[in-house]
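Shown next, in structure tokens, is the structure this report addresses.
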Amino acid sequence: HPEYNEEELNKLFKLFCTYATPNDKKGSISLDSFKKLLEALELTQTHLEAKETYDSICKDGKVNLEEFMKLVKELTAKTGKINLDLY
């Protein structure tokens, strides 16, 4: 992901791991965790908006790391820079 520097990638990975389902060996994020993650990034959406965003990027009912990175790229394009200073 050339649009992110190494520090940003580390923060994004750490953020993903914080919200990923612990017992899922592949690492994925449920819809509930996804909504909490959006709030943490100060990208609060209504339940319907969050579900639509979630459904638009996940293929198997859970968001994996690759899908998460794609989402962050799309949200960054829409809203400007995402604040990763919290992580």
Q) So ASP32 fits all but one of (1) of a type outside the set (Ser, Thr, Tyr); (2) part of a helix (DSSP H, G or I); (3) under 24 Å from TYR4 (Cβ atoms); what number is the exception? A) (3)
Q | Members of the stretch 50-66 that are at pLDDT below 85 and acidic (Asp, Glu) | A | ASP60
(Q) So, GLU52, is that one of a type in the set (D, E, K, R) and in a loop (DSSP other than H, G, I, E, B) or not? (A) no
Q. For the subset of the stretch 57-80 comprising residues that are surrounded by fewer than 11 Cβ atoms within 10 Å (Cβ to Cβ) and of a type outside the set (Gly, Ala, Ser), which member is farthest from PRO22 (Cα to Cα)?
A. LYS78
Q: Quickly run through the stretch 44-56 and pick out the residues that are among the aliphatic types (A, V, I, L, M) and surrounded by fewer than 16 Cβ atoms within 10 Å (Cβ to Cβ).
A: LEU48
(Q) Any residue that is modelled with pLDDT of 85 or more and surrounded by fewer than 17 Cβ atoms within 10 Å (Cβ to Cβ) - is there at least one of those in the stretch 18-29? (A) yes
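The values are calculated or read from the model by the stated rules, or taken from the named source; none is laboratory data. Keep in mind that what you see is a predicted model, and the values were worked out from it rather than measured. Cβ atoms come from the backbone with ideal geometry, glycine included; neighbour counts cover every protein chain shown.
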